[in-house]
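The values are calculated or read from the model by the stated rules, or taken from the named source; none is laboratory data. Given the structure is predicted, the values throughout are model-derived calculations rather than measurements. A quick note on method: Cβ atoms are made from the backbone with ideal geometry, for glycine too, and the neighbour counts reach across all protein chains shown.
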Amino acid sequence: MNRIKDWIRPILQFSAIMTLIVLECIFNASDLLDSFIKTVGFQNSELPDWLRIASAYGRMSLSIIIFFIVWLWIRRVNKEAVINPDNNIYHEHAYFSYYICSKFLGYKKCRLKGVPIPIQVKLVVNGVFEDFIFNEGIHTAPEKDKVKVKLPKIITSTVNFIISDTYKATLEQLPGSVLQFSTVEIDRSSDDHMRYDSEKLIISVISTIRNLPKTVTELNVFMTTNPKNTYRIAKEAFAIAGRDRIKHIYVFSQEKEEPRNFESKGLKIF
């Protein structure tokens, strides 16, 4: 139900466009238009250009004109609208749905809070929206903010990347399918579970990725980061520092129930 509640606006907009297409297939709008023109007694010279074209070229032209009028109007009214306006809902929508909202319906802004971390990362890396909102509830990190980096002695070509932020993620929470790979742990977590804007965490992630051996070509990422740190890691570490040397990145979601293990399959970012 929440999937409909938090996206009622784009759902209605998309449905309206699809309904217009279906209605045009059922009712021949061009015939109705011709009948209306003849009944009222308009001359062609008195009609707007788009109506003259629709009347002259028939059904397909009218369908295209109506579609573009409605579609362009919807895109215009969505320029300042925000996808995911309700902060208190967990936004469980597929990446493709966000892509449709941006590229087809014309949404420019997306709130990241409540969006699953793998989807957040893929949206940011691919620049799906022009503006991401992520600052709500984020605090400045304390001066004593510390980040610990634990590197394995042997590094495989595929590396598990655990990034602990709001709360600690552990090796025991990883799925069995990835345990044969070496694991890097970056830990900024604290007992207060507060959401901090941590420059040290971002620098540590970027530096660790850049210093991985050239033999590393794939990352399995397990994150407990807040939206702002997720945004910066995706944009500054994965999209910039990672793409020039890492061929594939997969980000894994956590299960909702305790002990909150990570799911067995990650979302491919690139």
* Structure fact -> The lone condition PHE270 fails out of (1) at pLDDT 95 or above; (2) within 15 Å of the chain's Cα centre (by Cα) is (1)
* How many residues are of a type in the set (Ser, Thr, Tyr) and either in a loop (DSSP other than H, G, I, E, B) or touching a His at 6+ places or on another chain (Cβ under 9 Å) (or both) if we restrict to region 217-259? -> 4
* Asked: Looking at (1) more than 21 Å from the chain's Cα centre (by Cα); (2) closer than 16 Å to SER164 by Cβ; (3) modelled with pLDDT of 95 or more, can you tell me which one ILE233 breaks?
  -> (1)
* Pairs where the first residue, in region 3-14, is farther than 13 Å from TYR107 by Cβ and the second is in a helix (DSSP H, G or I) and not hydroxyl-bearing (Ser, Thr, Tyr), C-beta under 8 Å, 6+ apart -> ILE4/ILE11
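Residues are listed down the side, and each one gets a yes or a no for (1) part of a helix (DSSP H, G or I); (2) in the same structural domain as ASN261 (by TED's automatic domain parsing); (3) in contact with an Asp or Glu (Cβ under 7 Å, 6 or more places away or on another chain); (4) surrounded by 14 or more Cβ atoms within 10 Å (Cβ to Cβ):
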| site | (1), (2), (3), (4) |
| --- | --- |
| GLU185 | no, yes, no, yes |
| SER190 | no, yes, no, yes |
| HIS193 | no, yes, no, no |
| VAL205 | yes, yes, no, yes |
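Within the group ARG210, ARG195, ARG245, ARG232, which residue is in contact with a Gly (Cβ under 6 Å, 6 or more places away or on another chain) and free of Cβ contacts under 8 Å to residues at least 60 places away in the same chain? Can you show your working first?
Working: ARG210 fails: in contact with a Gly (Cβ under 6 Å, 6 or more places away or on another chain); ARG245 fails: in contact with a Gly (Cβ under 6 Å, 6 or more places away or on another chain); ARG232 fails: in contact with a Gly (Cβ under 6 Å, 6 or more places away or on another chain).
Selected residue: ARG195, the only one of ARG210, ARG195, ARG245, ARG232 that is in contact with a Gly (Cβ under 6 Å, 6 or more places away or on another chain) and free of Cβ contacts under 8 Å to residues at least 60 places away in the same chain.
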